[in-house]
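Below is one structure, written out as structure tokens, with a few remarks after it.
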Amino acid sequence: MIKVGIIGATGYAGVELVRLLLGHPQAQIAAVGSVSFEGKPISEVYPNLAGLFDEVLVKDDEVLARSDVVFASLPHGLSEEYAARCAETGKIFIDLGADFRLWAEEDYQEWYGLDYHRPELHRAAVYALPELYRERIRGERIIGNPGCYPTSIGLGLYPALKNGLIDPNSIIIDSKSGVTGAGRGLSQTTHYPDCNEAFSPYKVASHRHTPEIEQTLSDIAGGPVKVTFVPHLLPVNRGIVSTIYASLAQPVDLGEIHALYERAYAGERFVRVCPEGAVANLKNVRMSNYCDISLHLDERTGRLIVISAIDNMVKGAAGQAIQNMNLVCGLPEETGLTMAPPAF
Ligand SMILES: NC(=O)c1ccc[n+]([C@@H]2O[C@H](COP(=O)([O-])OP(=O)(O)OC[C@H]3O[C@@H](n4cnc5c(N)ncnc54)[C@H](OP(=O)(O)O)[C@@H]3O)[C@@H](O)[C@H]2O)c1
């Protein structure tokens, strides 16, 4: 059994890790950490866990002491210290936040306003989108789990960009996320009367996931890619739908595009290319680690439209983090993640 610990276990992504790890046959949750609720059973904070997991929340030091794999699910800027302590003690560190996602420190400085205090940790870390970087992830010990929007977009565009199907300078991304994407803390925009029966873009062309999206797309394309990215707040709890528009590099029919995506994702357990004519829908991926991708061609304008749907809490956070744990621990990638999405 792998002993796992969760720092930030009372946050939305942290408690989703708890829910998923309770069903993992090879992992045992050794400790859950909290600053605000230390000394209380986690089931007091999240009564859905009552009788299932009543572990008392402990200080982060205790989480580190009891675990072989440490997940950190914290606001950005806090993870370096924990990664350093894990590196010193030979533990695997998986960060769900943004601190180990960006390869260029200048990007982190520009978008997050912070420096890398321990650059050697960042050099040792791997950006862990398994379907793209599986071979780089195996055997690594500091794992930067991707952001939710970048996961849906990287998977949505990978086959098209890799095969030169689209003009990399023409990409426009319109994403919608459920409210859990903003985390547990209250804000005016996530306050019930403000988001219920409302729908609006936010951080238009200025969202912090932009450099991460561009990093992945540039890496796939083999040259710099800039995108226009506009996220929206969708009044549902979970789910992300990214609608991605790009001009075709040369004329190609939808059947060929489908064949290319199906080849690219053949054998991928968690990516489903929807049949021609179907449209990806967050309803079909909720509570699961799937990414559903549908492909559409606007023949009048010569634009490819890719629609990519994930559950932000699972493939966009906790599920993907467990997929990465499985990879680095040498387990089958789907271990503990084979649950079917509910029909409604
Ligand atoms: N929500 C998503 O869909 C999603 C998806 C992908 C990635 N992520 C990333 O995962 C991380 C956690 O996200 P989340 O949505 O779970 O956030 P959250 O609900 O706000 O939870 C963060 C937790 O961190 C703990 N914490 C420790 N030190 C803190 C501090 N100085 N300030 C605030 N909280 C502190 C808090 O628990 P205690 O006070 O009990 O210690 C809090 O419950 C973030 O980096 C986020 O970007 C989130």
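Computed with a 1.4 Å probe over protein heavy atoms only, the accessible surface of the chain comes to 42 Å² per residue.
For residue 159, what is the net charge nearby, where nearby means another residue's Cβ is under 14 Å from its Cβ and Lys, Arg count +1, Asp, Glu -1?
Working: positive: 162, 263, 272; negative: 131, 256, 262, 268.
In short, -1.
Once both labels are positioned 7 Å from their Cα atoms along Cα-to-Cβ, the gap between residue 78 and residue 117 label points is 1.4 nm. Full extension of the chain between residue 191 and residue 226 gives 9.3 nm of extra length, using 0.36 nm per residue less the Cα-Cα distance.
Residue 178 sits among other residues whose Cβ lies under 14 Å from its own Cβ, and their net charge, with Lys and Arg +1 and Asp and Glu -1, is +4. As a length-normalised measure over Cα pairs under 8 Å and 6 or more apart, the relative contact order of the chain settles at 17 percent. Between residue 253 and residue 124, the modelled label-to-label distance comes to 5.4 nm, taking each label 7 Å out from Cα in the direction of the beta carbon. Considering only alpha-carbon pairs that sit under 8 angstrom and 6 or more positions apart, the relative contact order computed for segment 94-189 is 27 percent.
Which shape class applies to segment 106-229: rounded if a/c is under 1.5, otherwise prolate when a/b exceeds b/c and oblate if not, where a ≥ b ≥ c are the square roots of the Cα gyration tensor eigenvalues? It comes out oblate by the Cα gyration axes. Restriction of the GluC sites (Glu not before Pro) in segment 271-344 to DSSP coil positions whose beta-carbon has at most 14 other beta-carbons within 10 angstrom yields 276, 299, 334. For segment 40-81 and segment 157-187, what is the separation of their Cα centres, given in Å? Rounded to whole Å, the Cα centres lie 30 Å apart. Each of residue 184 and residue 135 was given a label point 7 Å from its Cα along the Cα-to-Cβ line. The distance between the two points is 4.1 nm.
Relative contact order for segment 1-157: what percent, with Cα pairs under 8 Å and sequence separation of 6 or more?
Working: 291 pairs, mean separation 29.8, N = 157.
Contact order relative to length: 19 percent.
Excluding residue 82 itself, calculate the net charge of residues whose Cβ lies under 12 Å from the Cβ of residue 82, where each Lys or Arg counts +1 and each Asp or Glu counts -1.
On the way: positive: 85, 91, 118; negative: 60, 61, 80, 81, 88, 95, 99.
Summing Lys/Arg as +1 and Asp/Glu as -1 gives -4.
In segment 72-150, carbon and sulfur make up what percent of the accessible area (probe 1.4 Å)?
Values: 1620 of 3350 Å².
Using a 1.4 Å probe with all protein chains present, segment 72-150 comes out at 48 percent carbon and sulfur.
Packing around the peptides 133-139, 303-309, 78-84, taken as the average count of other Cβ atoms within 10 Å per residue, puts them in this order, highest first: 303-309, 78-84, 133-139.
In this structure, residue 28 and residue 283 have a Cβ-Cβ separation that, at R0 = 41 Å, corresponds to a calculated FRET efficiency of about 0.80.
The values are calculated or read from the model by the stated rules, or taken from the named source; none is laboratory data. Because the structure is a prediction, the values reported are computed rather than measured. Cβ atoms come from the backbone with ideal geometry, glycine included; neighbour counts cover every protein chain shown. These accessible areas exclude ligands, DNA and RNA; they are computed on the full protein's heavy atoms, side chains included. Shrake-Rupley method; radii C 1.70, N 1.55, O 1.52, S 1.80 Å.
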